[in-house]
Every structure is written in C-alpha cells, then in structure tokens.
Amino acid sequence: MKKTTEEELALVLEEGEGYTLEFKQNINSDLPKGLTAFANASGGRIFIGVDDKNQITGCSFSNKLFSQIETMAAACDPPVAIEIEKLQKHKIIVIHVPEGANRPHRCNKGFYLRNGASSQKMSTLDITAFIQAEGKVRFDQQLRLDLDWKKVLDENRLNHFLTLARIAPKTDTKNLLLNLGAGNYKNDQFYLNQTGVLFFSKDPTQRLFHVSVVCALFKGTTKAYILDRKELTGSLLENVEDALIFLKKHLQLRWEITRKSTRRNEILELPEVALREAMVNAVCHRDYLEQGAQVMVEIFDDRLEIYNPGGLPKGLPEKDFGKRSVCRNPNIASLLLRCDYIEKMGSGIERIHAALEKENCPQVKIDFHTMFSLVFLRPTYITPQDPEKTREKTREKTREKLLALILDDPKITINQLAEQIGLTRNGIEWQIAQLKKQGRLKRIGPDRGGHWKVINA
C-alpha cells in the first residue's frame with residue numbers, strides 16, 4: 001500500500017472524484033457498491049471524511065468503524081481485498097481497493113463497475129460480457145512497461161490538459177498522473193498506461209502506430225479523386241482539434257450581415273457542436289485493440305463520413321443504443337470529461353441530434369455493425385443539373401464574403417480583397433460593380449484615402 005502524503009491529499013481534493021477516486025462523508029450501506037465497482041475495474045481509493053464538495057469533514061476513528069468496513073468488504077462475493085489507511089491529522093480514512101483477482105465481484109445490491117466518476121450497476125448482459133472479456137485487460141489501462149515515463153512525458157501536453165481541466169500544476173508529477181488514471185505502479189515502479197501515452201507522451205503515434213486520425217477531401221461523391229489528405233499524429237486532444245480545423249477549412253461557410261451589427265457572423269454548413277461531438281466520440285470509443293484500421297474523416301461533395309474501428313461495445317444491445325452507455329475506454333472518457341470535451345457520459349449522440357435539429361440540418365445516419373460510422377448529409381450540396389443557378393449562387397457567396405470583409409475593414413484595398421477571396425483584381429472590380437448596381441455598396445471619398453460603405457437593404 002502506497003501511503004498518502006499531504007501533498008497528494010491536497011492534489012486529490014483539488015481534482016475531485018474520478019475513475020480511481022471516490023469521496024464519502026460517512027460510512028453507509030452504499031460503501032459495498034464502491035468497493036465492488038473499483039475491484040471490478042482497475043482499483044481505486046475511497047476517502048471517508050470528505051464530502052461531495054471536496055471538503056474535509058473528518059470522521060470518528062474507532063475499532064468498531066474499521067471492523068465495519070472490513071466486514072462489508074468480506075461480505076462481497078468473492079470478498080474484496082482492501083487496505084485501510086488512517087490520516088490522523090485530518091481524521092480521514094482511505095480505503096485502498098486493488099483490482100480484483102477473481103472478478104466480477106458482487107455486493108448485496110448487485111454487480112457494480114466504475115464508469116467515469118460513478119459506480120454503475122451492471123445488467124445481465126454487462127455481466128456476461130464482462131466475464132467473457134476477463135483475462136483481457138482494457139486497452140486504456142494497459143501499462144507500458146517498455147517506456148520510461150520521465151523520458152517520454154511531454155510536459156507541454158500535460159500542462160495544456162491541466163489548464164483545460166482547471167487543475168493547478170504540481171511538482172509531484174507521478175502522483176498527478178496516477179490520480180488522473182494515466183499510469184500506475186507495478187512492482188513498486190511507476191509506468192504510464194496507454195491513456196497516458198495517448199494524452200501526454202511525445203510522438204504518440206511512434207508508440208501506438210495505429211492511433212493517428214486520417215482526414216481526406218474527395219472530388220465528387222466517390223473516392224476516385226482525392227483533393228487533400230492529412231494524417232494527424234498528435235495527442236488525442238490535438239487530433240480532435242486538428243480534425244476540426246481540417247473540416248472547417250473544407251466545409252462551406254456562409255456570412256450573415258444584419259442591421260444591428262457591423263460584424264460578420266460566420267455559420268458553418270454543419271454545426272460545429274455536432275462535428276466536435278462526432279470527433280470526440282470517434283477517438284473516445286474506438287476499439288484500440290483493433291490495429292488494422294484508423295479513425296477516418298472523409299469529405300465528399302454530398303456528405304461527411306466519420307468512422308472508427310469497433311462497433312457497439314460488448315454488453316450494449318442495438319435496442320439500447322442511445323439510451324444507455326457502456327464505455328469501452330473508461331480512462332480515456334474520464335480525462336475527456338475532466339477537460340470538458342464531453343459533457344457527460346453517453347450524451348454525445350443526443351447532442352449531435354439536437355445540434356443538427358436546431359440548425360435544420362438533415363439528421364445523421366449511424367451504422368455500428370462493422371465500423372462505427374456517422375454520415376452527415378451536406379445541406380449545401382448542389383446537383384449539377386443547373387449550372388447557371390450554381391454559378392449565380394457561387395457569385396452571391398463571393399459577394400457576401402466581399403461585403404463581410406469590407407464591414408470588418410472599410411478601408412480595405414482591392415488588392416487585399418483579391419488576396420483574401422482568391423480572385424483576380426479584375427474579378428473583384430466586377431463584383432464591386434455589381435454590388436454598386438444593386439445599391440448594396442458605395443464608395444465614400446477618393447480611391448486613395450477614401451472608404452467603402454455597405455448599404456443594408
């Protein structure tokens with residue numbers, strides 16, 4: 001048993017409950033739930049004498065209380081092995097629960113499993129799947145015994161995560177990683193696990209070659225002609241953000257100009273909230289044990305496809321999809337939850353549906369039989385039957401972008417407009433002439449020293 005130092009206690013209280021941490025103000029009948037949940041997962045610690053607001057309340061030390069805890073652990077089936085630590089100064093009891101050697105464990109209220117920061121009751125299907133999967137360690141919990149954690153740790157990536165999670169950096173990095181669920185001890189030696197590699201290591205794809213994200217833009221509606229391709233090889237968080245940059249680069253934008261504001265309002269053809277949720281879902285719930293495939297982001301003229309290896313997790317029937325969550329990678333999900341990349345466990349698909357409905361976009365098509373795929377129909381897709389209509393819509397988009405740039409900078413030059421929009425100077429001059437004819441744009445003053453004025457209809 002590794003003893004809890006004052007520094008580590010302060011860190012635990014700052015971080016709050018998580019995948020390997022639980023707080024209880026007092027001993028009650030729910031304690032066996034937490035004991036079995038940690039034993040059925042990768043272990044954890046229960047702090048007695050800390051409330052749900054991370055405040056120390058203390059508890060009364062007595063032989064009767066310690067005996068009660070040991071009796072509850074022994075009453076589980078099979079019994080849960082525990083070690084009790086007493087933090088005398090703060091009157092806190094720490095119950096150390098190792099990963100169970102004879103899983104699954106049950107208490108008098110059923111079978112429980114740690115999922116994020118809560119202990120969730122397992123259904124019959126969950127229990128069956130758990131038993132079938134025993135002997136295979138979850139990917140995100142596998143220790144990297146081949147890596148020296150000090151040499152591979154990228155402190156910039158760790159500090160970026162801590163900023164997002166609103167956790168103050170600590171000198172004791174080892175305990176920080178332990179409490180985040182990014183590493184653990186084996187034979188008194190600390191190692192990063194696969195979660196730690198994905199989030200905090202240097203060159204993650206050199207250590208896990210199959211975890212990159214591949215983004216591609218195709219011409220037309222098939223994969224015959226590729227226009228752009230990028231393989232993302234950063235940390236898990238960086239890959240999500242870089243994929244969104246790729247999407248925003250190649251999906252259509254429209255600009256809204258209103259009477260009440262002189263600033264342009266950029267609107268992506270598919271809501272960014274939905275795209276972010278889809279990317280987070282892909283990296284969080286993919287089957288990392290499948291090394292023959294990667295997360296793919298593919299843009300076609302008529303659709304966007306985001307898919308990842310692995311169908312539905314074991315224990316989640318098709319009829320329950322979207323109604324309840326079975327987490328394939330709980331450590332990864334827990335860190336994403338901490339830094340607000342996911343709002344709550346199992347809410348991603350609901351948020352995608354809501355975002356699309358709000359923007360009057362077609363609903364996403366979901367398939368989970370071989371790969372897990374999300375197909376977004378592009379609302380801006382124009383069929384090639386009416387080329388003149390297509391050309392006119394393109395011209396109108398160009399004029400709206402031109403007006404938006406002028407609103408941002410009324411003294412912008414024709415050369416600057418040409419550079420930002422991607423047209424020749426003659427093309428910009430033609431567009432300006434059309435806007436003047438329509439009464440939407442006016443020149444105030446001379447060519448040099450004057451400015452543009454947008455006239456709202």
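The translational diffusion coefficient of the chain, from Stokes-Einstein at 37 °C and 0.692 mPa s with a Kirkwood hydrodynamic radius over alpha carbon pairs, comes to 129 µm²/s.
Start at zero, step by 10 Å, and the Cα-Cα distances of region 84-205 spread as 11, 33, 33, 22, 2 percent across the bins.
Toward the positive end of the charge dipole of the chain, with +1 on the Cβ of Lys and Arg and -1 on the Cβ of Asp and Glu, the farthest Cα among Gly234, Gln206, Gln420 is that of Gln420. For region 1-132, the Stokes-Einstein estimate of translational diffusion at 37 °C and a viscosity of 0.692 mPa s comes to 221 µm²/s, using the Kirkwood hydrodynamic radius over alpha-carbon pairs. The coefficient of translational diffusion for region 17-70, derived via Stokes-Einstein from the alpha carbon Kirkwood radius under 37 °C and 0.692 mPa s, stands at 280 µm²/s. Over region 403-453, the pair-distance histogram of Cα-Cα distances with 10 Å bins from zero comes to 26, 64, 11 percent, rounded to whole numbers. Mean sequence separation of contacting Cα pairs (under 8 Å, at least six apart), scaled by the length of region 387-454, corresponds to a relative contact order of 30 percent. In plain terms, the chain from Glu350 to Gln88 could stretch by 89.7 nm, reckoned as 0.36 nm per residue minus the Cα-Cα distance.
Where only DSSP H runs of four or more residues are counted, the chain gives -11000 deg cm²/dmol as its mean residue ellipticity at 222 nm, each run worth -39500 (n - 2.57). Seen from all directions on average, region 149-205 presents a Cα convex hull projection of 3.9 nm². Each residue of region 408-421 is assigned a 3J(HN,Hα), and the resulting list reads 5, 9, x, 9, 4, 8, 4, 4, 5, 4, 4, 5, 6, 8 Hz, derived from the Karplus form 6.51 cos²θ - 1.76 cosθ + 1.60 (θ = phi - 60°), x at Gly and Pro.
Read-outs: derived from the displayed coordinates by stated rules, not from any lab. Computed from a prediction, not measured in an experiment: that's the story for all the values here. Neighbour counts run over all protein chains shown; Cβ positions are idealised from the backbone, glycine included.
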